[in-house]
1. Scan the range 11-31 and tell me whether some residue there is of a type outside the set (Gly, Ala, Ser), at pLDDT 95 or above and part of a loop (DSSP other than H, G, I, E, B).
2. Inside the range 143-194, can you point out the residues that are more than 23 Å from ILE50 (Cα to Cα), more than 24 Å from the chain's Cα centre (by Cα) and either of a type in the set (Phe, Trp, Tyr) or loosely packed, with under 15 Cβ neighbours inside 10 Å (or both)?
3. Testing THR33 on (1) farther than 18 Å from THR188 by Cβ; (2) surrounded by 15 or more Cβ atoms within 10 Å (Cβ to Cβ), one condition comes back false. Which one is that?
4. Restricting attention to the range 129-167, report how many residues are of a type in the set (Lys, Arg) and either closer than 11 Å to GLY107 by Cα or free of Cβ contacts under 8 Å to residues at least 60 places away in the same chain (or both).
5. Which residues, taken from the range 86-115, are out of contact with any strand residue (DSSP E or B) (no Cβ under 7 Å at 6 or more places or on another chain) and either open to solvent by less than 40 Å² (accessible area, probe 1.4 Å) or among the β-branched types (Val, Ile, Thr) (or both)?
6. Regarding GLU47, is this residue among the acidic types (Asp, Glu), loosely packed, with under 14 Cβ neighbours inside 10 Å and touching a residue at least 12 places away in the same chain (Cβ under 8 Å)?
7. Would you point out the residue of the range 1-14, among those that are touching a residue at least 24 places away in the same chain (Cβ under 8 Å) and more than 18 Å from the chain's Cα centre (by Cα), that is farthest from MET200 (Cα to Cα)?
8. Can you name the number of the only condition in (1) more than 30 Å from THR12 (Cβ to Cβ); (2) in contact with a helix residue (DSSP H, G or I) (Cβ under 6 Å, 6 or more places away or on another chain) that SER151 fails?
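The values are calculated or read from the model by the stated rules, or taken from the named source; none is laboratory data. Note that the coordinates shown come from a computational prediction; the quantities given were computed from them, not determined experimentally. Reconstructed Cβ throughout: ideal geometry from the backbone, glycine too, with neighbour counts over all protein chains shown. Accessible surface is based on the protein model in full, side chains and every heavy atom, while ligands, DNA and RNA are left aside. Shrake-Rupley method; radii C 1.70, N 1.55, O 1.52, S 1.80 Å.
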Amino acid sequence: MAITYPINPPTTGISGVTLIARDATAATASPFTFAQQVQRNQGSRWEADISLVPMERADAESWITFLMKLYGSYGTFLIGDPNASTPRGSASSAPGTPLVNGASQTGDTLNIDGLPASATGYLKAGDYIQLGSAATSQLYKVLDDADSNASGEASLTIWPDLRSSPADNATVVVSNARGLFRLATSGTDWSISNAGFYSMSFGAVEAL
């Protein structure tokens, strides 16, 4: 049976996730004065290192087969911050219907509407949003607290910059936000202890 990407990882067994916000910056320093020149380039992406708890074969095989279905870095899957599926802001209990407010938006600011009116701290710095779904899913982190105005509108400062200009009235996901990732390497490996426990970890990069 053909595999349709992205696929979802198993929901249990993760012991830790390291999320990395990688920016393509370059820096040089004078060998005489140590004065620096720093250039911010266009590239930014999410990276992740994921560790799993030791588990018996019955549970481990769901992870092993998930990883093998990806065929190295060929396939894609959806992940997010496992501790941040619920926003810290008031969007956790009163999200409204958040939508992109206006076409042709670019850069690190996203205007949205459809929120409860005059909501203080609708999203808090560190919350996540998702644009798109399935194979078009894009994960963004909110960098500043965001309040809605009397018309239910807000302006979000986000990382990374918008990958592309979202359509006006496109859905903005504020809970269980996830992004599209692929494995960082072409190999899948796992270790088996004498006690019969399986251990594994893997790296992932944002699928761009």
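1. no
2. Hits for the range 143-194 are ASN149, ALA150, SER151, ASN194.
3. Only one criterion in (1) farther than 18 Å from THR188 by Cβ; (2) surrounded by 15 or more Cβ atoms within 10 Å (Cβ to Cβ) is unmet by THR33, namely (2).
4. Residues meeting the conditions: 1.
5. Residues satisfying the conditions are THR86, SER90, THR97, THR106, GLY107.
6. Numbers: among the acidic types (Asp, Glu): yes; loosely packed, with under 14 Cβ neighbours inside 10 Å: no; touching a residue at least 12 places away in the same chain (Cβ under 8 Å): yes.
Taking the combined requirement at face value, the residue does not satisfy it.
7. Applying the filter and picking the extreme gives ILE3.
8. Unmet for SER151, out of (1) more than 30 Å from THR12 (Cβ to Cβ); (2) in contact with a helix residue (DSSP H, G or I) (Cβ under 6 Å, 6 or more places away or on another chain): (2).
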